[in-house]
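Every number here is computed from the coordinates shown, using simple stated rules; none is lab data. Just so we're clear, the structure is a prediction, and the values are computed from it rather than from any experiment. Heads up, the Cβs are rebuilt from the backbone with ideal geometry, glycines too, and the neighbour counts pull from every protein chain shown.
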Amino acid sequence: ASSSADRAAAARAAVAPEGGRQKRTLPVLDVGTAVRARWLASKPKTARRNLMGANRWYMGVVRAYHDADGTYSIDYDDGASEEGVAPQHVQVLEEEADDEDDVAAGAK
């Protein structure tokens, strides 16, 4: 049986494709995960050149993961959405403190 530490290490392990450079394998994020994503960063430079806000980080949630190409669909907090976001353009947001931690600190 493998531990969660073993699985996490395996997810971070470098994989060498045939005759190529090493590629880092990122863990797949769950649908509903709060993230920051770079809007239009996965699109060609010509497609985002004149679009205001392109390539900037915005808050959102993962709507779907696509096994076929390893990309995400992101629903941004401002109502925009995007398909085909590469994993290197998606960052998990830090989770908020648990309610128990708030109570221990004297918060209500």
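General remarks:
- Near Val61, once Lys and Arg are set to +1 and Asp and Glu to -1 for all other residues with Cβ below 13 Å from its Cβ, the sum equals -3.
- Placed amide H near Thr71: partners under 5 Å, 5+ positions off or other chain: His66
- The stretch between Ala80 and Asp67 holds 2.4 nm of extra length on full extension. This uses 0.36 nm per residue minus the Cα-Cα distance.
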